[in-house]
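The values are calculated or read from the model by the stated rules, or taken from the named source; none is laboratory data. Just so it is clear, the structure is predicted and the values come from calculations on it, not from any experiment. A quick note on method: Cβ atoms are made from the backbone with ideal geometry, for glycine too, and the neighbour counts reach across all protein chains shown. Calculation scope for accessible area: heavy atoms of the full protein, side chains included, ligands and nucleic acids excluded. Shrake-Rupley method; radii C 1.70, N 1.55, O 1.52, S 1.80 Å.
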Amino acid sequence: MKLYRPATILVGVLFVLIGGLTRLATPDQVYDEQNIKVVHGTIGEPLDYEGTGSTVKVTRIKFARSVLDSSDSDGKKPLETNGIYVAIEWDAIRGDRKPDLTNATLQADGGSVYQPVEGLSHSGLDFPDAGYAKTGTVVFEINPADMKGLTLELRPTMLFNVYNSDITVDLGIPTEAIAQQMVDGAVAQYIVEDAVTRVAS
């Protein structure tokens, strides 16, 4: 039978106590995300990332049966779907501190969460350098029967206990009837243009 020295046991107990004290000393919001402020908005409304001076605005949404990068229009086949593509056009203005966006998702009332389409080099959402503004498009492929209550959610990386903001934008699809109208009016093809950077006004 192996015997442990009293010093070994004492060190183990000490680590357990330190771990417990560290947990008690850490603010509860680290665990329940109370240090995240959720900023809600609608299409056309500039939304501020808390403490950064940076804003992002959804300027327009378009529905399409296929999508293609503008640089691929010389012969590359467009991406097609049995569902529907949602192209979200945005405008971002950089403030004093650049938000670190890592995740743009679409969420529906039914609980589905959609990620941006892969294979489109011009699709995405990020901020320019300080003093500049940027416009671009991020594209999602979704189920046409799951469009009610679609909301764009933007989440920055959270490091340690830094206060952060989530941005949620209501895309204005409150009913299934309105969702169907948008599907019926979808264009055959949407060209995803490269993002454009300009001096902020």
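Summary of computed values
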item: Every residue from the stretch 40-88 that is open to solvent by 60 Å² or more (accessible area, probe 1.4 Å), within 24 Å of ARG155 (Cα to Cα) and not in a strand (DSSP E or B); result: ILE43, GLU45, PRO46, GLU50, GLY51
item: One residue from SER201, SER165 being open to solvent by less than 60 Å² (accessible area, probe 1.4 Å) and hydroxyl-bearing (Ser, Thr, Tyr); result: SER165
item: Pairs where the first residue, in the stretch 144-161, is over 14 Å from GLU176 (Cα atoms) and the second is modelled with pLDDT of 75 or more and among the hydroxyl-bearing types (Ser, Thr, Tyr), C-beta under 6 Å, 6+ apart; result: THR151/THR168; GLU153/THR105; GLU153/THR168
item: Count of the stretch 181-201 residues which are touching a residue at least 24 places away in the same chain (Cβ under 8 Å), part of a helix (DSSP H, G or I) and not β-branched (Val, Ile, Thr); result: 1
item: Options VAL162, VAL169; residue that is at pLDDT below 90 and aliphatic (A, V, I, L, M); result: VAL162
